Amino acid sequence: MSTSSKTKNLSNENVIFDFLKGIIISIIISLGLIVLFALSLKWLDLAEKLIVPITFAIKYISVIVGSLFAVKGESKGLLKGALFGLIYSLSSFLIFSILAKTFIFDLTSLLDLVSSILLGALIGIIKVNRTN
């Protein structure tokens, strides 16, 4: 195996490791903030119309932080960030669906998916350009 292909394999392994690290961090942040939010609902009298925006904000925070860990390197920030947003959104949908014991993919889920992809892409672009 040539030095070039060894370097490429290590680079691919690093990308996968960075993505996994970002996903795990994002899911932990999401779970933690959702639990805190759920506990706060017991004591606070929040209007029901605030629940969806707050859960979206929690997911956006998770995508931003996770993307900062996942997107590395000097190129392909858009692609890496969008891919991260997609993987995070699908992972969180699966995990939260399992926890809720219901799998409902509706308009809100679609909006969550698209917005996570777009936000991940944006953060990827910013991260790659700030690195240079």
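None of the figures in this text is laboratory data; all of them are computed from the coordinates on show. Keep in mind that this is a model prediction, so the values were computed, not measured. For neighbour counting, all protein chains shown are included, and Cβ atoms are generated from backbone atoms with ideal geometry for every residue, glycine included.
Once the Cα atoms are used to define both axes, helix 77-100 deviates from the longest principal axis of the chain by about 40 degrees.
A cut-off under 15 angstrom between Cβ atoms defines the neighbours of Ile126, and their net charge, with Lys, Arg +1 and Asp, Glu -1, is +4. For helix 107-131, what angle does its Cα long axis make with the longest principal axis of the chain, in degrees from 0 to 90 and rounded to 10? Taking the Cα atoms of the chain, the angle to 107-131 is about 40 degrees.
Qualifying chymotrypsin sites (Phe, Trp or Tyr not before Pro) in the stretch 51-132, where qualification requires a DSSP coil assignment and no more than 12 other C-beta atoms within 10 Å, comprise Phe103, Phe105. Between helix 51-70 and the chain there is an angle of about 20 degrees, using the helix long axis and the longest principal axis of the Cα atoms.
Every pair of different Cα atoms in the chain enters the Kirkwood calculation, which places the hydrodynamic radius at 15.8 Å.
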